[in-house]
Amino acid sequence: MTTTQPGDHNIATALARVRERIDAAARAADRDPAHVTLVAVSKTKPAARVAEALDTGQRDFGENYLQDALAKIETLAARDPLWHFIGDIQSNKTRDIASGFAWAHAVDRFKIARRLSDQRPDGMAPLNVCIQVNIDGEASKSGLAPDDVPELAEQIAALEHVRLRGLMAIPAPADDFETQRRPFAALRALMDQLNADGHTLDTLSMGMSADLEAAIAEGATHVRVGTAIFGARDT
Ligand SMILES: *Cc1c(COP(=O)(O)O)cnc(C)c1O
């Protein structure tokens, strides 16, 4: 054992706390906690930290920076984690995302979805895809305007090697629970509308360290949590 250094962060303890938060939020919403997948966002963190999380039984991990992620994917391949690409996707990144990841959460253009489908290697299950929605209309943010989602959903649903699973959003930070809930409720309503139109979406990727309770109250199936698990990020 090495000596604990100041600033060391116990990942097992932090993960247990986050899982308790998820359980409590699910119970408060009369939901089964098993229906909320914790995606541990390990961006900027070394493979050794991800391995510590794997040791506790954590299986789903989220990454934004492709080069950084690919190194971890290779290092940890034998541990069989499930990788989620949660960042914006440029065209020159689609091949590595299609081959290295199980999920892409932030698709907002058909061109990207089509490349992911075309480049998904033979023999792999379809890549799970969410459409990122700019649910609270922040001008600065990526994601598709809600009105444009139905058309993209229809286009993606027709692709062979990706599977449209649902919607993802990153609302503006807010301090109080009711303000946090509002954009999550809007995302859920949009998914309900798509399903009423014939889609069979089952995924709401919403909620992070600061607002996962509000997201779970509104039906989140995937919460993407970084800081609360791994500590502050190395910039
Ligand atoms: C970094 C990031 C997260 C995690 O955010 P925390 O506040 O550290 O929990 C979740 N989703 C996306 C898309 C991110 O980029």
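No value in this document is a laboratory result; all are computed from the given coordinates. If you're wondering where the values come from, they're calculated on a predicted model, not measured in any experiment. We place every Cβ from the backbone using ideal geometry, glycine too, and count neighbours over all the protein chains shown.
At a Förster distance of 30 Å, what's the computed FRET efficiency of Thr56 paired with Arg163, Cβ-Cβ distance as r, to 0.05?
Numbers: r = 29 Å, r/R0 = 0.95.
Computed FRET efficiency for Thr56 and Arg163: 0.55.
Would you mind working out the magnitude of the charge dipole of the range 11-230 relative to its Cα centre, with +1 at each Lys and Arg C-beta and -1 at each Asp and Glu C-beta, to the nearest 20 Debye?
Working: 25 positive and 32 negative charges, 127 e Å.
Using Cβ point charges on Lys, Arg, Asp and Glu, the range 11-230 gives about 600 debye.
How large is ³J(HN,Hα), in whole Hz, for each residue of the range 73-83 in order, when computed from phi with the Karplus curve 6.51 cos²θ - 1.76 cosθ + 1.60 and θ = phi - 60°, using x for Gly and Pro?
Couplings: 4, 5, 4, 9, 3, 5, 8, 6, x, 10, 9 Hz.
May I ask you to evaluate 6.51 cos²θ - 1.76 cosθ + 1.60, the Karplus curve with θ = phi - 60°, for each residue of the range 94-111 and list the ³J(HN,Hα) values in order in whole Hz, giving x for glycine and proline?
Listing the rounded values in order: 5, 5, 5, 5, 5, 9, x, 10, 9, 9, 10, 8, 10, 7, 9, 9, 5, 3 Hz.
Taking square-rooted eigenvalues a ≥ b ≥ c of the alpha carbon gyration tensor, is the range 44-121 rounded, prolate or oblate, where a/c under 1.5 means rounded and, failing that, a/b exceeding b/c means prolate? Intermediate values should be presented prior to the final figure.
Values: a/c = 2.22, a/b = 2.09, b/c = 1.06.
Verdict is prolate for the range 44-121.
Can you list the residues, at least 5 places off or on another chain, whose amide H is less than 5 Å from the amide H of Ala104, using H built in the peptide plane?
Distant-sequence amide H within range of Ala104: Phe85, Asn128, Val129, Cys130.
Between Asp202 and Ala16, what is the label-point separation in nm under the 7 Å Cα-to-beta-carbon projection?
Between Ala16 and Asp202, the simple spin-label model gives 3.2 nm.
Let me know the Rg and Dmax you get for the range 11-230 when you use only its Cα atoms, in Å.
When restricted to the Cα atoms of the range 11-230, Rg and Dmax are 16.5, 46 Å.
In a Gaussian network model over the chain where Cα atoms closer than 10 Å are linked, find which of Phe110, Phe61, Phe85 has the largest mean-square fluctuation.
In this elastic network of the chain, the residue with the biggest mean-square fluctuation among Phe110, Phe61, Phe85 is Phe110.
I need the GluC sites (Glu not before Pro) found in the range 96-161, filtered to DSSP loop residues with at most 11 other beta carbons within 10 Å of theirs.
Sites meeting the loop and neighbour criteria: Glu160.
Just order 203-213, 34-44 by mean Cβ neighbour count inside 10 Å, highest at the front, would you?
Numbers: 203-213: 22.7, 34-44: 20.5.
Sorting 203-213, 34-44 by mean packing, highest first, produces 203-213, 34-44.
Determine the dipole magnitude for the range 79-197: charges of +1 sit on the beta-carbon of Lys and Arg, -1 on that of Asp and Glu, nothing else is charged, the reference point is the Cα centre, and the result goes in debye to the nearest 20. Let's see the in-between values first.
Values: 14 positive and 18 negative charges, 96 e Å.
So the dipole magnitude of the range 79-197 works out to roughly 460 debye.
Mind putting a number on the dipole of the range 1-113 about its Cα centre? Charges go on the C-beta only, +1 for Lys and Arg and -1 for Asp and Glu, and I need it in Debye to the nearest 20.
Details: 15 positive and 15 negative charges, 41 e Å.
With Lys and Arg at +1 and Asp and Glu at -1, about 200 debye.
Pairs of alpha-carbon atoms within less than 8 angstrom and 6+ residues apart define the contacts here; what relative contact order does the chain have, in percent?
Numbers: 421 pairs, mean separation 49.0, N = 235.
Reported relative contact order: 21 percent.
If R0 is 45 Å, what FRET efficiency do you get for Ala185 and Ala77 from their C-beta distance, rounded to 0.05? It would help to have the intermediate numbers written out before the result.
On the way: r = 39 Å, r/R0 = 0.87.
About 0.70, to the nearest 0.05.
Can you return the lysines within cross-link range of Lys72? Criterion is Cα-Cα under 23 Å, with same-chain partners fewer than 8 residues away left out.
Cα-Cα hits under 23 Å: Lys43, Lys45, Lys93.
State the answer as a single residue: which of Pro33, Leu201, Leu127 lies farthest towards the positive end of the charge dipole of the range 11-230, with beta carbon charges of +1 for Lys and Arg and -1 for Asp and Glu, about the Cα centre.
Final value for the positive-end residue is Leu127.
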